[in-house]
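Novice: Here it is, the structure in full.
The values are calculated or read from the model by the stated rules, or taken from the named source; none is laboratory data. Just so it is clear, the model here is predicted, and its values are computed rather than measured. Neighbour counts run over all protein chains shown; Cβ positions are idealised from the backbone, glycine included.
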């Protein structure tokens with residue numbers, strides 16, 4: 001009876017680990033999709049391209065926000081929860097700044113300060129996504145516990 005209970009517990013544990021790995025994979029795929037959208041946004045040259053790229057980016061951000069919120073709720077370590085919350089906050093705030101700075105850059109293509117502002121927003125967003133990536137990956141089996149500090 002005890003050995004059957006242990007076997008059942010081991011099986012349930014394996015299923016839970018597998019399910020966790022699937023969730024992490026989905027989150028990382030969503031993050032990669034947003035990263036590709038950011039790359040596309042960075043290279044647009046006119047408003048029509050910008051609108052299409054920003055629409056795609058918005059859809060990816062909604063999915064990433066949903067998955068990171070679910071993952072944050074699953075995290076037990078308060079420090080990791082805070083890191084995910086901070087990264088989500090940066091992404092949410094930066095989305096409006098990205099819209100404004102990109103439109104300004106398209107209206108004033110010769111302005112170095114407009115381009116610098118836009119590039120700074122892109123950099124902030126990429127750092128936030130990197131932080132999410134590191135927090136999520138640290139929790140997977142086979143990954144050493146490391147401290148990955150990303151400064152905003």
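Novice: Being surrounded by 10 or more Cβ atoms within 10 Å (Cβ to Cβ) and either free of Cβ contacts under 8 Å to residues at least 24 places away in the same chain or over 16 Å from residue 130 (Cβ atoms) (or both) is the requirement here; does residue 80 meet it?
Specialist: Answer is no for this residue.
Novice: Look through the stretch 25-49, keep the residues that are surrounded by 14 or more Cβ atoms within 10 Å (Cβ to Cβ) and over 21 Å from the mean Cα position of the chain (by Cα), and return whichever of them is farthest from residue 94 (Cα to Cα).
Specialist: 49
Novice: From 76, 71, 25, grab the single residue that is farther than 28 Å from residue 103 by Cβ and not in a helix (DSSP H, G or I).
Specialist: None of the other options fit; the residue is 76.
Novice: Tally the residues that are within 26 Å of residue 69 (Cα to Cα), over 11 Å from the mean Cα position of the chain (by Cα) and surrounded by 15 or more Cβ atoms within 10 Å (Cβ to Cβ), restricting the search to the stretch 90-136.
Specialist: So the answer is 8.
Novice: Looking for whichever is free of Cβ contacts under 8 Å to residues at least 24 places away in the same chain, within 16 Å of residue 133 (Cα to Cα) and surrounded by fewer than 13 Cβ atoms within 10 Å (Cβ to Cβ) here; the options are 2, 12, 22. Which one fits?
Specialist: Of the residues listed, the single one that is free of Cβ contacts under 8 Å to residues at least 24 places away in the same chain, within 16 Å of residue 133 (Cα to Cα) and surrounded by fewer than 13 Cβ atoms within 10 Å (Cβ to Cβ) is 22.
Novice: Whether any residue in the stretch 4-19 is touching a helix residue (DSSP H, G or I) at 6+ places or on another chain (Cβ under 8 Å), assigned to a helix (DSSP H, G or I) and modelled with pLDDT of 90 or more is what I want to check.
Specialist: no
Novice: Test residue 121 against the criterion of being in contact (Cβ under 8 Å) with a residue 24 or more places away in the chain and farther than 22 Å from residue 49 by Cβ, and give yes or no.
Specialist: No; evaluated as a whole, the condition is false for this residue.
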